[in-house]
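The values are calculated or read from the model by the stated rules, or taken from the named source; none is laboratory data. The model shown is predicted, which means the values in this text are computed figures rather than measured ones. Backbone-built Cβ (ideal geometry, glycine too); neighbour counts: all protein chains shown.
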Amino acid sequence: MYRLLRNLYTDALRRRARRPTFSLDGDSESGRPLEETLAASTPSAPESMERQEVQQDVTEALCRLEMEFQLPIVLCDMEGLSYEEISRVMLIPVGTVRSRIHRGRTQLRALLGQYQTQRK
């Protein structure tokens with residue numbers, strides 16, 4: 001039980017280290033207040049709509065993948081797990097994880113290409 005808790009805590013620390021954080025006092029590099037930093041990085045309305053369309057296309061394409069390819073891609077690219085962690089979660093060898101991610105990304109790329117040609 002203790003080992004399980006320790007592993008969960010270690011995984012949480014690793015995930016937290018991968019996510020960027022921002023100071024509420026301001027940008028330490030430029031000395032600008034946080035409001036100015038966020039306002040400068042806020043996308044315009046057309047960019048926001050385009051981003052939503054891309055997210056919708058990616059979600060639809062992911063849903064069309066078989067689960068054996070979908071799950072490793074989500075765990076790797078969205079959850080930030082390493083190949084070894086995915087191997088432990090899925091109970092498959094690391095080499096299988098690598099090949100499924102590669103094949104899944106190839107299929108995903110092809111599906112997204114179809115969506116792009118449909119929009120034009």
Could you please let me know if V54 is surrounded by 11 or more Cβ atoms within 10 Å (Cβ to Cβ), over 23 Å from N7 (Cα atoms) and in contact (Cβ under 8 Å) with a residue 12 or more places away in the chain? no
Would you be able to tell me the number of residues in region 57-78 that are under 17 Å from the mean Cα position of the chain (by Cα) and in contact (Cβ under 8 Å) with a residue 12 or more places away in the chain? 14
Test result for S99, assigned to a helix (DSSP H, G or I), out of contact with any Phe, Trp or Tyr (no Cβ under 7 Å at 6 or more places or on another chain) and more than 26 Å from R19 (Cβ to Cβ): yes
So, of the residues in region 82-115 that are within 18 Å of the chain's Cα centre (by Cα) and among the hydroxyl-bearing types (S, T, Y), which turns out to be surrounded by the fewest Cβ atoms within 10 Å (Cβ to Cβ)? T106
Condition check: surrounded by 10 or more Cβ atoms within 10 Å (Cβ to Cβ), outside any loop (DSSP other than H, G, I, E, B) and either at pLDDT below 70 or not aliphatic (A, V, I, L, M) (or both). Does L38 satisfy that? yes
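For the subset of region 78-88 comprising residues that are assigned to a helix (DSSP H, G or I) and at pLDDT 90 or above, which member is nearest to H102 (Cα to Cα)?
The selected residue is Y83.
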Filtering region 79-100 down to residues that are of a type in the set (G, A, S) and without any contact (Cβ under 8 Å) to a residue 24 or more places away in the chain yields S82, S87, G95, S99
Residues that are of a type in the set (A, V, I, L, M, F, W, C), closer than 30 Å to Q118 by Cα and not in a helix (DSSP H, G or I): does region 45-67 have at least one? yes
